[in-house]
Amino acid sequence: MSALQARLGGRSSRPSLRHRLALRGLDRTTMLVLPATGVIGLLFIYPMLYGLGLSLSPAHGGGAFAEYRQFFADSYLRGTIGITFKLGLPAALISVVASVPVAYRLRGQRRGRRLTTAVLVVPITLGTVLTADGLIEFLGPAGWLNKVLMTLHLTSSPLNLVHNYWGVLASLLITGFPFAYLLTSSYLSGIDPALERAAATLGAGPRQRFTRVSLPLLAPGLVINFCLSFVLAFSVFPSAQLVGDPSGSTHVLSIAAYHEAFEAYDYPLGSAIAMVMAALMLVVVVAMLLLRSRLYRGATSGGKG
């Protein structure tokens, strides 16, 4: 009898499986993250590692880095790096900078704010193809803008605004600004308006309140906003094909990778170009995150952030 009681007492004193997992850091909250981690691994990490391995397996020999040497030795392929940066950096910077005054102005607006926000984010619902078609109809040689300019005798010949650098940049701005605006608006909502009111009581004008109170608190969020906008713009593909010059002024990295992999059927070189593209994006993002770590990240005093 005493042996049975001792055995039962030993079982009851043994911690449960949930408790043992919690001691190892696997609580319920952590378990909820596991499905998302699996999806990321399946849809991102595995393709990334597979592409990296493919880029290090050249079809024609020459060593593991033969495809990378071929890419940097070819001036036409190497030039896609500069072209992609010339599109990605201005598009991201303009989108983020333009979103700040719009989001700042709408933050204190109550009437019509939802309607205005809905109008600003409409381009997200259009898609790249419909946006490109609209740009051709509006900015093309026979588009509305050129017809109006020529009717008013402001130009003697149609302006060349599509199927070049400017057409792709316009497309990136139209599709990228709504994302930048939504992110900036969310960051601004985390800054307590009482901070600006306190600065106003100390004699600060509107410009001083923005530059010395709101902007320093907003700056870390703007860096993250720029990183996301840059990644979207740097990976441009449909716009560069539809409203750009894919073999010339808008021959970006994504088009080069697509051509080598699915038109020339050189999968290792196409994978190598994709790896170069990913590495360049990573360098920019890491540099911006290092800059963010040096920015002011003070308390927002009662805000959401």
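The values are calculated or read from the model by the stated rules, or taken from the named source; none is laboratory data. Just so we're clear, the structure is a prediction, and the values are computed from it rather than from any experiment. All Cβ positions, glycine included, derive from the backbone under ideal geometry; neighbour counts span all protein chains shown.
Here are some notes:
- Among the residues making up the stretch 259-277, those that are surrounded by fewer than 17 Cβ atoms within 10 Å (Cβ to Cβ) and either in contact with a strand residue (DSSP E or B) (Cβ under 8 Å, 6 or more places away or on another chain) or part of a helix (DSSP H, G or I) (or both) are 262, 263.
- If the condition is being of a type in the set (Phe, Trp, Tyr) and either in a helix (DSSP H, G or I) or at pLDDT 95 or above (or both), then the stretch 201-258 contributes 210, 226, 230, 234, 258.
- Exclusive hit being surrounded by 13 or more Cβ atoms within 10 Å (Cβ to Cβ) and assigned to a helix (DSSP H, G or I), set 44, 85: 85
- Given (1) surrounded by fewer than 18 Cβ atoms within 10 Å (Cβ to Cβ); (2) of a type outside the set (A, V, I, L, M, F, W, C); (3) at pLDDT below 90; (4) in contact with a helix residue (DSSP H, G or I) (Cβ under 8 Å, 6 or more places away or on another chain), index of the condition residue 123 fails: (1)
- If you check 95, 156, 171 for being over 27 Å from residue 259 (Cα atoms) and touching a residue at least 40 places away in the same chain (Cβ under 8 Å), only one passes: 95.
Residue-wise test of (1) touching a Phe, Trp or Tyr at 6+ places or on another chain (Cβ under 6 Å); (2) modelled with pLDDT of 90 or more; (3) more than 14 Å from residue 178 (Cα to Cα).
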| residue | (1), (2), (3) |
| --- | --- |
| 117 | no, no, no |
| 137 | no, yes, yes |
| 146 | no, yes, yes |
| 156 | no, no, yes |
| 161 | no, yes, yes |
